[in-house]
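Notes to accompany the following structure.
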Amino acid sequence: MAGPLSRTATQPATGPAGGEDLRPARPVLSGVLRLGGLLARRALLLAVLLATVFAAVELLPGDAANATSERGESAADLAQRRELLGLDRPVLTRFTDWMTGLPTGDLGTTARGESVADLLSRPFPNTLLLGGLALLATLVLSLALGCWAALKPGGRADRAVSATATGVLALPEFVVAVALVLVFALWTDWLPAVTLTDADGSPASWQMLVLPVLALAIPQIGWNTRIVRAALADEAKAPHVETALIDGLPRRRILVHHLLPGATPTIAAGVATSTGMLLGGAVVVETIFNYPGIGSVLAGAVTDRDSPVVAGVVAITGAVITGVFLLADLVRAWASGGRI
């Protein structure tokens, strides 16, 4: 017969006051709250960045009316254009109006009268394709190289990978791009040096993506290889890893089952950080390879002193980076047992 303290399987757990025990739900609620706090902080950071962009464009000499004016326009015509573009209003008022439309997807109107959202809808997918492929190459190759080096710590492969990664991460994207063009386009003629487009504005061939992707990915592969190698080295000091070594488990099994799970949060954070660097470097790489992305649009917007276009590029790019960081936070939470 059951004692007084026994509980049947159908009875809910009770807390100190005799009610239902909600303690298992508390970690989930706490994680959701922390995740909401992260999103709020990043949204605030993005808003500050957008305000800085508006102010920076405002400080440039000239304005959008002058930059987009036709030859021979009178002062009265320029004044009318400034009023039409809203340049006669304070920059804070214009920024507030632009931010009001941002949640609905309204990115404003360019200095030439075109919708900013329509203007960016054509080249931005090409930039996302370029950055996404570079990010995938960075993740795969840095993991492979870092794990290869970690299999024999202090060996020739470890020293070679570490030295090469250190040298590569210091190279700017434009230096890598020029070297790739010299080797693979001019000297060997294996790959095209410029990007031709189809009727829809996308690259005409996958071969035209190879050099831009490599130019973006190579510095980040060096950076992330160092992160992967350092994370695995730190994890190798854990007691359970030392025990596995003493037990004579194969190094590959130790790497997969003992080192990588613990190093995953650090690796995820490093790859997420590379997203912003890849999208920022894409502007330079697109110009070198004549790639149909947002690089030329952004350069034209700065020339035209077109604040809504520059801010629109920053807003969309910031949203993509925030999404990648959110994904990295979820990976880190999963790897650490639900703690964000």
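The values are calculated or read from the model by the stated rules, or taken from the named source; none is laboratory data. Note that the structure is a prediction, hence the values are computed from the model and not measured. Using ideal geometry, Cβ is built from the backbone for each residue, glycine included, and neighbour counts are taken over all protein chains shown. Areas reflect the complete protein model, heavy atoms only, side chains present, ligands, DNA and RNA absent. Shrake-Rupley method; radii C 1.70, N 1.55, O 1.52, S 1.80 Å.
A 1.4 Å probe run over the protein chains yields, for the chain, 56 Å² of accessible area per residue, whole-number rounding.
Test of understanding: what is the full-extension gain from residue 204 to residue 89, defined as 0.36 nm times their sequence separation minus their Cα-Cα distance?
Taking residue 204 through residue 89 to full extension adds about 37.0 nm, to one decimal.
Taking the Cβ-Cβ separation of residue 174 and residue 319 as r and a Förster radius of 30 Å, what is the calculated FRET efficiency to the nearest 0.05? Once the sixth-power term is evaluated, E becomes 0.70.
Across the range 280-287, coupling constants 3J(HN,Hα) worked out from phi with the 6.51/-1.76/1.60 Karplus curve, θ = phi - 60°, read x, x, 4, 4, 6, 5, 4, 5 Hz, and Gly and Pro carry x.
I need the shape label for the chain. Rule: rounded when a/c is under 1.5, else prolate if a/b > b/c, else oblate, with a, b, c from the alpha carbon gyration tensor.
It comes out oblate by the Cα gyration axes.
Here the peptides 301-307, 239-245 are ranked by packing, the mean other Cβ count within 10 Å, and the order with the highest first is 301-307, 239-245. Computed over protein heavy atoms with a 1.4 angstrom probe, the accessible surface ordering of 82, 159, 226, largest first, is 159, 226, 82. Counting 0.36 nm for each residue step from residue 122 to residue 188 and taking away their Cα separation leaves a gain of 20.5 nm. Here the label points at residue 49 and residue 112, each 7 Å from Cα along the C-beta direction, are separated by 2.6 nm in the simple model. A full extension of the chain between residue 246 and residue 59 corresponds to an added length of 60.9 nm, given 0.36 nm per residue minus the alpha carbon distance.
Rounded to the nearest 10 degrees, the angle from helix 156-169 to the longest Cα principal axis of the chain is 30 degrees. Counting heavy atoms of the protein chains alone, residue 152 has an accessible area of about 150 Å² for a 1.4 Å probe. If contacts are Cα pairs under 8 angstrom and at least 6 residues apart, what is the relative contact order of the chain in percent? Relative contact order, the chain: 24 percent. Rounded to the nearest 10 degrees, the inclination of helix 124-151 to the longest alpha-carbon principal axis of the chain is 40 degrees.
What part of the accessible area of the range 139-252, given as a whole %, is carbon or sulfur when the probe is 1.4 angstrom?
67
Angle of helix 207-235 to the longest C-alpha principal axis of the chain, folded into 0 to 90 degrees and rounded to 10: 30°. Whenever you get a sec, compute what percent of the accessible area on the range 63-118 sits on carbon and sulfur atoms (1.4 Å probe). Here carbon and sulfur together make up 52 percent of the probe-accessible area.
Annotation for the range 209-274 versus the range 184-204: alpha-carbon center distance of 34 Å. Mean-square fluctuation check for the chain, GNM, Cα pairs under 10 Å: which of 139, 326, 249 is largest? Sorting by GNM fluctuation, first place goes to 249. Here the Gaussian network model covers the chain, with springs between Cα atoms less than 10 Å apart; of 247, 106, 329, 247 fluctuates the most.
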